[in-house]
Amino acid sequence: MNKPKDMTGERHKNFTVIGFAGMGSNYKSMWRCRCDCGKKTDVRSSDLKSGNTKSCGCLGNHFAK
């Protein structure tokens, strides 16, 4: 298996990547991210790159209010 490209420090939507979190299901790279709201969450690299995951969920909560 190839070592994933280091994404630490990159910005994707409301996330800043703070480190590698390991391999998720289907051997997908997971990255520990800090959302702009301050919460930390693990996100698949493919979701970060595609923009499918924009926040930890705080954006949806914000718009629901």
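The values are calculated or read from the model by the stated rules, or taken from the named source; none is laboratory data. Given the structure is predicted, the values throughout are model-derived calculations rather than measurements. Here Cβ is always computed from backbone atoms with ideal geometry, including for glycine, and neighbour counts include all displayed protein chains. SASA here: full protein model, heavy atoms, side chains in, ligands and nucleic acids out. Shrake-Rupley method; radii C 1.70, N 1.55, O 1.52, S 1.80 Å.
Among the residues of segment 1-14, how many are basic (Lys, Arg), modelled with pLDDT under 95 and within 10 Å of the chain's Cα centre (by Cα)?
Total meeting the criteria: 1.
I'm trying to understand the selection: among the residues of segment 41-65, which are over 21 Å from Lys3 (Cβ atoms) and within 9 Å of the chain's Cα centre (by Cα)?
Thr41, Thr53, Lys54, Ser55, Cys56
For segment 15-29, indicate whether the set of residues that are open to solvent by less than 80 Å² (accessible area, probe 1.4 Å), touching a helix residue (DSSP H, G or I) at 6+ places or on another chain (Cβ under 8 Å), modelled with pLDDT of 90 or more and not polar (S, T, N, Q) is non-empty.
Checked against the condition, which is being open to solvent by less than 80 Å² (accessible area, probe 1.4 Å), touching a helix residue (DSSP H, G or I) at 6+ places or on another chain (Cβ under 8 Å), modelled with pLDDT of 90 or more and not polar (S, T, N, Q), segment 15-29 yields at least one hit.
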